[in-house]
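Here the structure comes first, spelled out in structure tokens, and everything after it is commentary.
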Amino acid sequence: MSKRFYVTTAIDYVNGEPHLGHGYEKVIADVIARARRSLGEDVFFLTGSDEHGQKVQQAAIAKGKTPQAFCDELALVWKPFTEKLNLTINDFVRTTEPRHTTAVQAIFQRLWDTGHCYKATYEGFYSAKEETFLTDKDRLPDGTFDPTYGEVLPLVEENYYFRLKEQQEWLIGHITANPEFIYPPQRRNEVLGFLKNNALADLCVTRPSARLNWGIPLPFDPAYVAYVWFDALLNYITVPAAHGDAAVVSAIHGAPSAEALELWPADVQVIGKDIVKFHAVYWPIMLKALGLPLPKQLVVHGWWQKDGQRMSKSTGNVVDPLAVINEWGLDAFRYYVVWELDIGADGNWTDSGFQARYHAELANGLGNLVNRSLSMLRRYRDGRAPARADDLAGAATEAARSAIALIGENRLQAALQAIWALIDRANQYVEQTAPFKLAKDPAQASRLDEVLYNLVETCRVLAVLLWPFLPGTAARIFAQLGLTTLPDRFAAAAWGGLTQGHVIGAPEPLFPRRDAPAK
Ligand code: MSP
């Protein structure tokens, strides 16, 4: 069996409902996963929920529930969220599942047995809000701690530590030698800058159960539970272990199963900019300690704001992706988030910007092109495709070449722009060739044939290219073209796929124009 292309997202804290940021991250990972499948690769796409730790415990207590009951209820929101986004995931992990917790325990045992962990007394300060240990070095010039830490209290505590210090030079070497490891380069430079200018301290990887019991108990000392980040990061390998991935299984425990999938190392791990340190510093060192290879690439996206402000429940400006999807359709949501934000940059959601793009690019651009191309073919040629003609072949081939290359470089926004260049070109071609005028002149019949072929064939190619981004729309275009397959292979973007005499179906508006909702 050959290794699958393995894509992951961060796993979300289930202390609240999904918001725009979570939706965004999952959509870009799905675009990458679908595009790889369109290239013919076998893909495994994983997402899930991060259910342990203080944040979740506190949220459960606030609702008067046990953490497990609270997480079980939220699983009924988070798992269907992946379906609402039409994600092509192969698995959804919950960190409270036994397949994860037992593997985390086995890993802890292994790290303890091999001397990668030790026990020591910590004396300093603790932020319960961020579950972080702080020292005097973390104080601001005025002596206080950053307000993001919430209440910071002095603390003396025994805990288990994971050795990071001695791996600092190795990690700098790895990041330097593998420029593609952290994408985009700006984030890579930040990590390198951090590692070169700060001495790593060993990482405290436990919390005493007496203080926080909502976590995975250590197998060799049940008075402690695993630090939530240590537990959470491991999901990326506990799931492969559960699927029998031989390399991971032997690094953790036991023998691989017969129908093992080969997944690790991950090819792409999509994360937000706030959790780079966990993924680019702690995670590689954890993997090295287990004798496992590092992920090939961390793809780090930026953060969304709403109307220029950080989204927060207290200010009530959280964009609810489900509300947007219910009102405007999933593909409009997927389109806007990928187009608006290049991977790496921060972005700003405005309802007016969303609606403007919906009308200009989806309704007037793509929707109008498909609708008028198919309508004219039905009106003038009974819906039958004429013989192949190549006026737009060059533009379509170039759009496909450039979109596929850009997706491979994680430049999803630029890839969409390349596809939209073809839409604009085809709409301009309608204006230039004026098929409605050609139709009035019998002497222009063969020219009209050519124009109509170019238009419907361009719609077909567009569906293939759009599939990773707007899968529902791409499938609808294929159905309206009377094609019975899905547009899920890039090979089908080659010009000339529509054969002469093929009969198309009925056009239906893809993105109906709509008035702005009443505020
Ligand atoms: N549970 C941890 C991740 C553990 S991964 C082993 C966590 N969860 S989270 O729910 O807070 O965030 C999940 C992902 O959503 C992160 O990658 C984070 O960057 C992303 N986003 C959360 N808010 C965001 C925005 N406002 N904008 C874009 N993405 C954001 O961190």
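The values are calculated or read from the model by the stated rules, or taken from the named source; none is laboratory data. The model shown is predicted, which means the values in this text are computed figures rather than measured ones. Virtual Cβ from ideal backbone geometry, glycine too; neighbours counted across all protein chains shown.
Couple of notes before you dig in:
- Segments classed as strands (runs of 3 or more DSSP E), wholly inside the range 60-134, with at least 1 members that are at pLDDT below 95: 117-127, 132-134
- Residue in the range 308-321 that is among the acidic types (D, E) and away from the ligand (no atom under 13 Å from the Cβ) present: no
- Residue check, A332 under 30 Å from L298 (Cβ atoms) and either among the hydrophobic types (A, V, I, L, M, F, W, C) or buried (at least 19 other Cβ atoms within 10 Å of the Cβ) (or both): yes
- Count of residues meeting criterion [in contact (Cβ under 8 Å) with a residue 40 or more places away in the chain and of a type in the set (S, T, N, Q)] in the range 317-335: 0
- D307 vs. criteria on the phi > 0 side of the Ramachandran plot and of a type in the set (D, E): yes
- Failed criterion for R379 (all others in (1) away from the ligand (no atom under 16 Å from the Cβ); (2) in a helix (DSSP H, G or I); (3) buried (at least 19 other Cβ atoms within 10 Å of the Cβ) hold): (3)
- Test: residue in the range 235-252 that is surrounded by 22 or more Cβ atoms within 10 Å (Cβ to Cβ), in a strand (DSSP E or B), among the small types (G, A, S) and touching a helix residue (DSSP H, G or I) at 6+ places or on another chain (Cβ under 9 Å): no
- Number of positions in the range 296-310 that are surrounded by fewer than 18 Cβ atoms within 10 Å (Cβ to Cβ) and closer than 30 Å to V324 by Cα: 5
Yes/no per residue for (1) in contact with a helix residue (DSSP H, G or I) (Cβ under 7 Å, 6 or more places away or on another chain); (2) not in a helix (DSSP H, G or I):
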residue	(1), (2)
D331	yes, no
V338	yes, no
N348	no, yes
S352	no, no
A356	no, no
H359	no, no
L366	yes, no
L369	yes, no
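- Among the conditions (1) modelled with pLDDT under 95; (2) within 19 Å of the chain's Cα centre (by Cα); (3) not polar (S, T, N, Q), G316 misses just one, which is (2).
- Output for the range 492-506, where each listed residue is surrounded by fewer than 16 Cβ atoms within 10 Å (Cβ to Cβ) and either within 26 Å of the chain's Cα centre (by Cα) or not in a loop (DSSP other than H, G, I, E, B) (or both): V503
- Any chance V300 is modelled with pLDDT of 95 or more, part of a helix (DSSP H, G or I) and farther than 22 Å from A426 by Cα: no
- Conditions (1) more than 20 Å from L294 (Cβ to Cβ); (2) surrounded by fewer than 15 Cβ atoms within 10 Å (Cβ to Cβ): number failed by P179: (1)
- Among the candidates K313, K277, residue that is surrounded by fewer than 18 Cβ atoms within 10 Å (Cβ to Cβ) and either of a type in the set (A, V, I, L, M) or outside any helix (DSSP H, G or I) (or both): K313
- Test result for R476, among the charged types (D, E, K, R) and crowded, with 22+ Cβ neighbours inside 10 Å: no
- Some residue of the range 50-57 being more than 11 Å from the ligand (Cβ to nearest atom), surrounded by fewer than 24 Cβ atoms within 10 Å (Cβ to Cβ) and touching a residue at least 24 places away in the same chain (Cβ under 8 Å): yes
- Subset of the range 1-30 that is of a type in the set (F, W, Y) and within 11 Å of the ligand (Cβ to nearest atom) - its residue that is surrounded by the fewest Cβ atoms within 10 Å (Cβ to Cβ): Y13
- Tallying residues that are more than 14 Å from the ligand (Cβ to nearest atom) and assigned to a strand (DSSP E or B) within the range 31-49 yields 3.
- Restricting the range 264-274 to residues that are within 16 Å of the ligand (Cβ to nearest atom) and either under 21 Å from V104 (Cβ atoms) or not β-branched (V, I, T) (or both), the residue that is surrounded by the most Cβ atoms within 10 Å (Cβ to Cβ): W264
- Out of P293, P284, one residue alone is surrounded by fewer than 19 Cβ atoms within 10 Å (Cβ to Cβ) and away from the ligand (no atom under 11 Å from the Cβ). It is P293.
- Among the conditions (1) under 19 Å from A232 (Cα atoms); (2) in contact with a helix residue (DSSP H, G or I) (Cβ under 8 Å, 6 or more places away or on another chain); (3) of a type outside the set (S, T, N, Q), the only one that Y24 does not satisfy is (1).
- Subset of the range 358-407 [among the basic types (K, R) and more than 13 Å from L422 (Cβ to Cβ)]: R372, R378, R379, R381, R384, R388
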